[in-house]
1. Note down the net charge around THR99, summing +1 for each Lys or Arg and -1 for each Asp or Glu among other residues with Cβ under 13 Å from its Cβ.
2. Can you grab the distance from the C-alpha centre of the range 30-61 to the C-alpha centre of the range 83-123, Å, no decimals?
3. Note the angle between two axes, namely the Cα long axis of helix 2-21 and the longest principal axis of the Cα atoms of the chain, as a number of degrees from 0 to 90, rounded to the nearest 10.
4. Could you state the angle between the C-alpha long axis of helix 92-108 and the longest principal axis of the C-alpha atoms of the chain, as a value from 0 to 90 degrees rounded to the nearest 10?
5. Provide the per residue accessible area, probe 1.4 Å, for the range 44-96, rounded to a whole number of square angstrom.
6. Per residue, how big is the convex hull around the C-alpha atoms of the range 11-120? Give it to me in cubic angstrom, could you?
7. Quick one: accessible surface of PHE93, probe radius 1.4 Å, all protein chains present, in square angstrom to the nearest 10.
8. Just THR33, THR82, THR69 to compare: in a GNM of the chain, with alpha carbon springs under 10 Å, which one fluctuates most?
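The values are calculated or read from the model by the stated rules, or taken from the named source; none is laboratory data. This one's a predicted model, so the numbers in the text were calculated from it and none came from an experiment. Note that we place each Cβ from the backbone using ideal geometry, even for glycine, and neighbour counts take in every protein chain shown. Just so you know, the surface numbers come from the protein's heavy atoms only, side chains and all, with ligands and any DNA or RNA stripped out. Shrake-Rupley method; radii C 1.70, N 1.55, O 1.52, S 1.80 Å.
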Amino acid sequence: TGSSVAADRADALLRKLLAMAGIDEAEPTGPPTNDAARAELAERETRQRCAIVWLTVLLRRISKGGIPTQGIVDCLEPLCRTFVRAVAGLSIFMADCATKALCYLYALAPSECRVELMKTMFSSISNR
């Protein structure tokens, strides 16, 4: 039906944006050494920032629209780590987006998952 198609599309978009945010990518250990490395780093950071903003928009849309998505439950931990990493960054705009996204994520999480979500959030914050 229409709602299941919307939920499937939202889940697919959620996973694509999470991959764009690059939570599993290794962070650079030092400054880039040449122009190509600097350009690659700038491209990756831009892609990650865009993904954070669009993930926030998607979570807001899901929370306001009532689209039931199983993908959020499946991706709670990586989403949480992604947003905490953005909160810890230098950009105030990104930190604001990520903080709002964490609030949406908490609201969307099933009640039985909220305690684990908070534990993940606080452990991620303490690691930052």
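1. Once all neighbours under 13 Å are counted, the net charge is +2.
2. Measuring centre to centre over Cα atoms gives 19 Å.
3. Relative to the chain, helix 2-21 is tipped by roughly 20 degrees.
4. Approximately 30 degrees, to the nearest ten.
5. 53
6. Spread over its residues, the Cα hull of the range 11-120 gives 99 Å³ apiece.
7. 120
8. For the chain, modelled as a Gaussian network with Cα springs under 10 Å, the answer is THR33.
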